[in-house]
Amino acid sequence: MTLLGAPNASSHGYTDTPISRAKLCANKTVANCGAIQWEPQSVEGRKGFPALGPSDGTICAGGLPQFAELDNQRGGTWPATSVAGGQSYTFRWQFTANHATTDFKYYVTKNGWDPTRPLTRSALESQPFLTVAYNGARPSMTTSHQGAMPSGKSGRHMILAVWTVHDTPMAFYSCSDVQF
């Protein structure tokens, strides 16, 4: 049986805890998302972030124009997951194809970030608050990373999760809105 109308992707993964914009679109929690609603796992761009990778303003879409809705800040109204600074937290990825992996890195926006403006490198803390090395191993189809939410944050922020594939020039980008 062939399902028509839903694009088929050969890729790969997204965060669902905290829930990513891509998953919110796939769940139809957020409307008018375009193609990402069928492909939440496909936000794949060049690896090497922050030195390389998607250009500023296109980070949430992995630099892919077909997923530009993910970069639309919607006036700061994306649903946000409630979190507390310093709290222990389980970050979770869901995969449709689990590749050999270099690492997972989690970044957060700086205090004073404007949630109505597209995400840029200068809006993010310069260092990830959590890095999980995989050294070429393949993660499970559902993979969780235990860490702590950054301290000293309040209000609305964004977490950028970057999954770096080990044996290709690519990485996957996942943006999650949070409320400290």
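Read-outs throughout are calculated quantities, based only on the coordinates presented, and are distinct from any laboratory measurement. This one's a predicted model, so the numbers in the text were calculated from it and none came from an experiment. We place every Cβ from the backbone using ideal geometry, glycine too, and count neighbours over all the protein chains shown.
A few points about this structure:
- Candidates HIS157, CYS175, GLY136 compared by Cα position along the dipole of the stretch 40-179: farthest toward the positive end lies HIS157, with charges placed on Cβ.
- Each residue of the stretch 120-135 was assigned a 3J(HN,Hα) from its phi angle through the Karplus expression (A = 6.51, B = -1.76, C = 1.60, θ = phi - 60°), giving 10, 4, 5, 7, 9, 4, 5, 10, x, 7, 8, 10, 10, 7, 10, 6 Hz with x at Gly and Pro.
- For the cross-link pairs LYS47/LYS110; LYS28/LYS105; LYS28/LYS110, the ones whose C-alpha atoms lie over 24 Å apart are LYS28/LYS105; LYS28/LYS110.
- The stretch 138-149 - phi-based ³J(HN,Hα) in whole Hz, Karplus 6.51/-1.76/1.60, Gly and Pro as x: 9, x, 5, 4, 10, 10, 10, 10, 8, x, 10, 5
- Correct option for percent of Cα pairs over 25 Å apart [calculated from the coordinates] among [x] 31; [y] 37; [z] 27: [z]
- Whole-number percent relative contact order across the chain, with pairs defined as alpha carbons under 8 Å at least 6 apart: 30 percent
- In Å, descending, principal axis extents of the Cα set of the stretch 33-140: 39, 35, 28
- For LEU130, nonlocal amide neighbours, meaning residues 5 or more places apart or on other chains whose placed amide H falls under 5 Å from its own, are TYR106.
- Estimated inter-spin distance, SER126 and MET141, nm [label 7 Å along Cα→Cβ]: 4.2 nm
- Peptides 161-169, 125-133, 58-66 ranked from most to least packed give 58-66, 161-169, 125-133, packing being the mean of other C-beta atoms within 10 angstrom over each peptide's residues.
- Kirkwood hydrodynamic radius over Cα pairs of the stretch 77-180, then Stokes diffusion coefficient at 20 °C and 1.002 mPa s, in µm²/s: 149 µm²/s
- Sum of side-chain charges, GLU125 neighbourhood, beta-carbon under 13 Å (Lys, Arg +1; Asp, Glu -1): +4
- Summing charges over all other residues whose Cβ lies under 14 Å from the Cβ of SER82, with Lys and Arg as +1 and Asp and Glu as -1, gives +1.
- Think of the chain as having a plus end and a minus end, set by charges on the Cβ of Lys, Arg, Asp and Glu; of PHE95, ALA123, GLY53, ALA123 sits farthest toward the positive end of this dipole.
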